[in-house]
1. Once fully extended, how much extra length lies between residue 49 and residue 94, figured as 0.36 nm per residue of separation less the alpha-carbon to alpha-carbon distance?
2. Need one number: the % of Cα-Cα pairs in segment 1-99 sitting beyond the 15 Å mark.
3. Check cross-link reach from residue 81 to the aspartates and glutamates: straight Cα distance under 14 Å, and skip same-chain residues fewer than eight apart.
4. Among 82, 48, 103, which one shows the biggest mean-square fluctuation in a GNM of the chain, springs joining Cα atoms closer than 10 Å?
5. With just the Cα atoms of segment 2-168, tell me how far they stretch along each of the three principal axes, in Å, largest first.
6. So how far, in whole Å, is the C-alpha centre of segment 44-73 from the one of segment 114-166?
7. How many nm separate the modelled label positions at residue 84 and residue 168, each set 7 Å beyond the Cα in the direction of the Cβ?
8. How much of the DSSP beta bridge set in segment 2-168 is antiparallel, as a percent to the nearest 5?
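Derivation of every value follows stated rules applied to the coordinates shown; laboratory data play no part. Note that this is a predicted model, so its numbers are computed, not measured. Neighbour counts are summed over all protein chains in view; Cβ atoms, including those assigned to glycine, are modelled from backbone coordinates with ideal geometry.
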Amino acid sequence: MKNLWDQLFNELYQYDVDLEETFNYAAGEHEITDAEAKLKVKFPDDFIEFYMIHNGQDEMTDNIIYGEELLSLNRIVAEWKIWKQLFDNKKFEQLNSNPDKGIKNNWWNPMWIPFTYDGYGNHYCIDLDPDTDGIYGQVIRVLHDSPKRSLVANSFTNFIQNYINDLNNENYILDL
């Protein structure tokens, strides 16, 4: 995973040489197990390894993952709690989703763990409860006001690698 972070930083340095300072220090095992306990989940190994290098970004800095904040573990829990409260209050019962193959037909699922935030209620999430055709730990796109639930990558590692490739190939350009 260190190699993946190095690749990511190499791409990000093209935009801002001081960008690394926006990332939090590594998450410790206690922080990871604490977040897992609060969410009642077990994170995929690649996700844990990634966060043991940097625990997301400082929320007051430029958003770097497709223009979204890479959430710290504390912010992951906070964003998840917002969705969970709406779920518990049955706000999604009458809503129908339009999921890609491998994603359960839910408006929101407590096992969808947001790891980015765009400031408008939209997230990239790790799907820890995929449909029968899905893969545990796949990355999905959840938009708060759209029924579309898109499969983005088969794993967190694939998601980060795809982002690095998009930056490298100028399919996505950061505007900092």
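1. Length gained, residue 49 through residue 94: 12.4 nm.
2. Details: 3306 of 4851 pairs.
For segment 1-99, the share of Cα pairs beyond 15 Å comes to 68 percent.
3. 36
4. 82
5. Principal-axis extents of segment 2-168 (Cα, largest first): 47, 32, 28 Å.
6. After rounding, the separation between the Cα centres reads 14 Å.
7. Going by the 7 Å Cα→Cβ label model, 3.7 nm.
8. Details: 16 of 18 bridges.
Expressed as a percentage, antiparallel bridges in segment 2-168 total about 90.
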